[in-house]
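*Asks:* The structure under discussion is supplied below as structure tokens; questions concerning it will follow.
The values are calculated or read from the model by the stated rules, or taken from the named source; none is laboratory data. All of these numbers come straight from a predicted model, not from anything done at the bench. Cβ coordinates were reconstructed from backbone atoms using ideal geometry, including for glycine residues, and neighbour counts include every protein chain displayed.
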Amino acid sequence: MGGHALVAPAEQRWDKHQVIVIERSVELYNQLHWSLEGYGYTVCLAKDPVAVLHSLMTQLPSLILLGPSLSSRTAFELCIDIRKRSYTPIVMFTDYTQIDPIVLAYDLGADVVIPLPFVYKEAQARIMAILRRSSLCTCYPGEPVLAVGPIALDDLAHTVTVDDQAVNLTPMDFRLLRYLMQNAEQTVTKQQLLIEFWAGNLGKSTNVVEVAIRRLRQKIERDPSQPTHLLTVKGLGYRFTQGRDRLHTNALSSAKTDRLKSYSRTPT
């Protein structure tokens, strides 16, 4: 699926303390309001998705949450429309339990998909993780938010360049690259990526991570079969690097290796 063109007006501003909940029921809003306001966030209940889309032309919240009362079709369409206007993180609650619609939600722009029924404490932890990462990424029009070696990612314009040449990424490619660049020079396990992008519920035998990594390498590496930036750390996961010293990029201290292995349930 191709990426969506992002139209970002120059007057678009980021409100790092605002969370918008698009939901008809107040139950979930009340839970979030109670917990997130304790961390300094303003949680706004929005029952009119059109009004939210209009507001994104001038103001970007830290997070948009699509509540479980929305139909799946409405939620999917909102993901597309939100992504045309911004790359504000999206958390979607859904009553789908099958894998295909969940994967589709990610492809359309959702950052986290939480199937029903859900454990509230776990959902809250995932929401807070998204908000912490969002707070680290301030968007400036025309300037790359992240740059690692020759690869630059502009979060607001939704553009990626490699050696000053633009590359075309899908929404999922873009989010995966952003996550890896935000964790540059650190090993990210396959299990971390499963939890982060596929809610950790696709099954231990899935190769969805490998497929996504291979697809991303084809777009950002000169030679995808011999990557210099998106490296495999054998038995652990992946590491994003500037590529300046490939001979040492897979070298980990024995203590760090043991610690990472203890957290990695799914070997690469």
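*Asks:* What number of residues in region 103-114 are under 21 Å from P49 (Cα atoms) and either in contact with a Ser or Thr (Cβ under 7 Å, 6 or more places away or on another chain) or in a helix (DSSP H, G or I) (or both)?
*Replies:* 6
*Asks:* Let me ask something else about it. So if I check each of I130, I114, I151, which one is at pLDDT 80 or above, surrounded by 18 or more Cβ atoms within 10 Å (Cβ to Cβ) and under 17 Å from the mean Cα position of the chain (by Cα)?
*Replies:* It is I114.
*Asks:* Here is a follow-up. Just to verify a result, which residue in region 1-35, among those that are surrounded by 13 or more Cβ atoms within 10 Å (Cβ to Cβ) and among the aromatic types (F, W, Y), is modelled with the lowest pLDDT?
*Replies:* The residue in question is W14.
*Asks:* Restricting region 81-111 to residues that are more than 20 Å from A212 (Cβ to Cβ) and at pLDDT 85 or above, which is surrounded by the fewest Cβ atoms within 10 Å (Cβ to Cβ)?
*Replies:* D81
*Asks:* Assuming T206 fulfils every condition listed in (1) at pLDDT below 85; (2) more than 30 Å from F93 (Cα to Cα); (3) of a type in the set (S, T, Y) apart from one, which condition is it?
*Replies:* (2)
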